[in-house]
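Data first, discussion second: the structure below is written as structure tokens.
The values are calculated or read from the model by the stated rules, or taken from the named source; none is laboratory data. Note that the coordinates shown come from a computational prediction; the quantities given were computed from them, not determined experimentally. Reconstructed Cβ throughout: ideal geometry from the backbone, glycine too, with neighbour counts over all protein chains shown. Remember, those area values only see protein heavy atoms, side chains included, never the ligands or the DNA or RNA. Shrake-Rupley method; radii C 1.70, N 1.55, O 1.52, S 1.80 Å.
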Amino acid sequence: MTSQEIREKFLDFFKKRGHTVRPSSSLIPDDPSVLFTTAGMQQFKPYFTGEADPMRDFGSLNTVSIQKSMRTSDIDEVGDESHLTFFEMLGHFSFGDYFKKETIKWTYELLTEVFNIESGRISATVFAGDEKIPFDSESYEAWSKFLPSDHIRKGPRKDNIWGPAGAEGPCGAANEVYVDDLEVATLVFMEYFCAKDQSLTLLPQKGVDVGWGFERLVMLVQKKKNIFETDLFEPTINAIKISEKYDNIRVKRIIADHIRAAAFLISDGVLPSNKEQGYVLRRLMRRIIFYGANIGEVIKIIVENENYAHYKLDADAIIAVLSEEKEKFSKTLEHGLKELEKQNAINAKIAFDLYQTYGLPYEIIKEVGGEKAAKLKREDFDKEFARHQEISKAGQEKKFGGHGLILDTGELKAGSEEELQKVTRLHTATHLLQAALREVLGKDVKQMGSDITPERARFDFSFGRKLTSEELKKIESLVNKMIEKNLNVKMKEMDYEEAVKSGALSFFKHKYPKKVKVYSIGVGDNLISRELCGGPHVAKTGEIGKFSIIKEEAVASGVRRVRAVIK
């Protein structure tokens, strides 16, 4: 059974049982409190809490999906037989329909009848009970119809209760399902609402959230020893070529994982940077580059793999981003490795200095450092990184009078008053550019990132194809007409919710505070732009100068980039 057949059989199984098939959501979640989508249930949170209506949106109380997911908590274990950063979750969900008995019955049928797993290899754990939530007798009895008692274990709260740690939200008992000693699925039964004080009340409707580890299931069905021998990874592993110094199976597995993760992140609009999702992507990419992998060839193997065809990955765009990062990193890599060699012992401060000066990620420092880096720990490195960010932020605010020029939407770089004036003009111009792009290309266009220096503005936006020369001329002309009108640029502070209701555009990667600044260009019928932004901006658009687009290109699947200058 190929992994593509496993996907289809899973979806068909639940489709026949009243579930609506839903596509995977982006790896970049709508929830700004988390960096990545880590599970299939994230896109369905409002339906579990009753804030959204599944019948209205899906025509059913039940859904099924295959969700692309990303976690970095296991990044140090990648290279063994089972850990990954990017993975897929098979999931089925119920918002007030079926509950424990049906879920357990279907789980057993799916394993034994669809995927041909012998019954004797299956076991499950159920919640043993404590002073807050009683023993999950309903799950125990349901499993007893299919498994002998010695295959049903009672587990503690830490393993068999799912819920928000120290926060409020739905929670309940969970079953863990194993084949041999490998956990393949978690069945979560949301029955309670956990308040901030951790007190529990019954939910008005019960919910089911089931997640299956796709790669692990494929390994079992295909009877492989590890996930890297499955058809999800084998073509990639076989195609990888690296420098002789690092040519071993562990490194090939790291590259296979990291290059797949990078491809999917880039396809969802993430670009390498020193912040948030972009920082994770940069770490993955630089590790691939360090090992000297044949990036272009491997990306094409991944894109051509039928298991990922439905995600419509763009090989050229992915390779372009990786090649640009390779060009940047290669210039300093050799110097960084020489400096690393000079060190007698590497602590968190030295490691961070190597990262800051030469771009060497923690993973490379730890690996190449060997005994010198034996006492180096990731949590210490991360603390040093966070400390430096605070110092840098404070320095920027002092330097630029509190404007906070380093924004989550990108970086505005200026080293003098003259440069500050130039980036301020360019930054305001990007607001006009977004307005023009939306007018010419449609209101679905969204900002995906920006980077502004005194020399030029770089603006990334969502769009699925190359722009025509006529479209580019029209966009450039529109921006210059807005500049010529010498429109007022006004800022107003307001509550975030009020700002969104007013129609102000926001940048999806940014975590906004409760109180935000909204910049409007023009008024009334002449309102050109309204965006949530930290500044700085000119007072009138006439101060910007003449705007020129110098280049338009692809940077990821569904993401285009415009480079522009002003005179």
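Summary table below
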| quantity | calculated |
| --- | --- |
| Dipole of the stretch 286-352, positive end: most advanced residue of T332, N307, I350 [Cβ charges, Cα centre] | I350 |
| Distance between the stretch 209-236 and the stretch 87-105 - C-alpha centres, whole angstrom | 21 |
| Additional length obtainable on full extension of the chain from D382 to H335, 0.36 nm per residue less Cα span | 14.6 nm |
| Charge dipole of the stretch 13-119 about the Cα centre (unit charges at C-beta), most positive-ward option of L61, G40, V78 | L61 |
| Label-point separation in nm, M491 to K132, each point 7 Å along Cα→Cβ | 4.4 |
| Tilt relative to the chain, helix 378-399 - C-alpha long axis, 0 to 90 degrees, to 10 | 30 |
| Difference of contour (0.36 nm per residue) and Cα-Cα distance, N526 to E498 | 8.0 nm |
| Surface accessible to a 1.4 Å probe, M482 within the full protein complex, Å² | 10 |
| Sequence-distant lysines (8 or more away, or on other chains) whose Cα lies within less than 16 Å of K517 | K490, K492, K501 |
| Charge dipole (debye, nearest 20) of the chain; +1 at Cβ of Lys and Arg, -1 at Cβ of Asp and Glu | 1680 |
| Above-threshold pairs, the threshold being 25 Å between Cα atoms, out of K68/K225; K68/K154; K252/K349 | K68/K154; K252/K349 |
| Residues of the stretch 221-284: accessible area per residue with a 1.4 Å probe, Å² | 36 |
| Summed residue charge, Cβ within 11 Å of S520's Cβ, Lys/Arg positive, Asp/Glu negative | +3 |
| Farthest positive-ward along the chain dipole, Cα basis, beta-carbon charges - from F459, N175, V298 | F459 |
| Residues with amide H under 5 Å from that of M190, placed H, sequence gap 5 or more | G207, V208, D209 |
| Dimensions in Å of the stretch 193-345 - Rg and Dmax from alpha carbons | 19.9, 63 |
| Nitroxide proxy distance, nm - points 7 Å out along Cα→Cβ at K514 and E471 | 4.2 |
| Mean shadow area of the chain over all directions, Cα convex hull, nm² | 28.4 |
| Cβ-defined net charge surrounding I483, 13 Å radius [Lys, Arg +1; Asp, Glu -1] | +3 |
| Residue-by-residue Karplus 3J(HN,Hα) for the stretch 351-362, coefficients 6.51, -1.76, 1.60, Hz, glycine and proline x | 4, 5, 4, 5, 5, 5, 7, 10, x, 6, x, 3 |
| Radius 13 Å from Cβ of Y47, net charge of other residues (Lys, Arg +1; Asp, Glu -1) | -1 |
| Potential lengthening between N248 and E304 on full extension [0.36 nm per residue; Cα-Cα distance subtracted] | 17.7 nm |
| Amide H partners (placed H, <5 Å) of V184, local residues excluded | V177, Y178, V179 |
| Phi-based couplings in Hz for the stretch 39-54 (Karplus 6.51, -1.76, 1.60; Gly and Pro marked x) | 7, x, 6, 4, 6, 9, 3, x, 7, 6, 8, x, 6, 10, 9, x |
| K540 paired with D80, simple spin-label distance in nm, labels 7 Å along Cα-to-beta-carbon | 6.6 |
| Dipole moment magnitude, nearest 20 debye, the stretch 409-480 about Cα centre, only Lys, Arg, Asp, Glu C-beta charged | 300 |
| For the stretch 305-316, 3J(HN,Hα) per residue [Karplus equation, 6.51 cos²θ - 1.76 cosθ + 1.60, θ = phi - 60°, Hz, x = Gly/Pro] | 5, 4, 5, 10, 4, 5, 8, 6, 6, 9, 4, 4 |
| Cut-off under 5 Å, modelled amide H: who pairs with M448 long-range | D460, F461, S462 |
